[in-house]
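See below for the structure under consideration.
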Amino acid sequence: MFPYKSKIKIAGCPNDCVASVARSIFPLSAPGVNNIRINPDEVANYANSGLDIQAEVVNLCPTNCMKWDPAAKNLTIDDAECNRCIALH
Ligand code: SF4
């Protein structure tokens, strides 16, 4: 017997646009095969709107492969160290 609402979501994209990880109890998401892409304009928009990129994004990366330059509003990822965990993207 399952609880009242049970969700199983499958995301074929490593960016998990359907938010299977966040919105289901049994998420499946494809592992990334390519390098993570960054939209620098959107990162800057988030930073300008008050998101603490260092605390709420960079510091949560399990491999510490992200670097944030707050002065330049520039986020970089060392692709060789990224394990494509999709934790934050
Ligand atoms: S996918 Fe995971 S390891 Fe790679 S940059 Fe994002 S949080 Fe870090």
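Using only side-chain charges placed at the Cβ, +1 for Lys and Arg and -1 for Asp and Glu, the dipole size of the chain relative to its Cα centre rounds to 520 debye.
Label positions at Arg37 and Glu56, each projected 7 Å from the Cα along the C-beta direction, are separated by 2.4 nm. The fewest-to-most ranking of Met66, Met1 by surrounding Cβ atoms within 10 Å reads Met1, Met66.
The residue among Phe2, Ser20, Gly50 whose Cα reaches farthest toward the positive pole of the charge dipole of the chain, with charges on the beta-carbon of Lys, Arg, Asp and Glu, is Phe2.
For the residues Ala22, Ala71, Ala47, a GNM of the chain with alpha-carbon springs under 10 Å puts the largest fluctuation on Ala71.
Computed from the coordinates by the stated procedures, all read-outs in this text should not be read as laboratory data. Predicted, not measured: the structure shown is a model, and the values here were computed from it. So basically every Cβ, Gly included, is an ideal-geometry build from the backbone, and we count neighbours across all protein chains shown.
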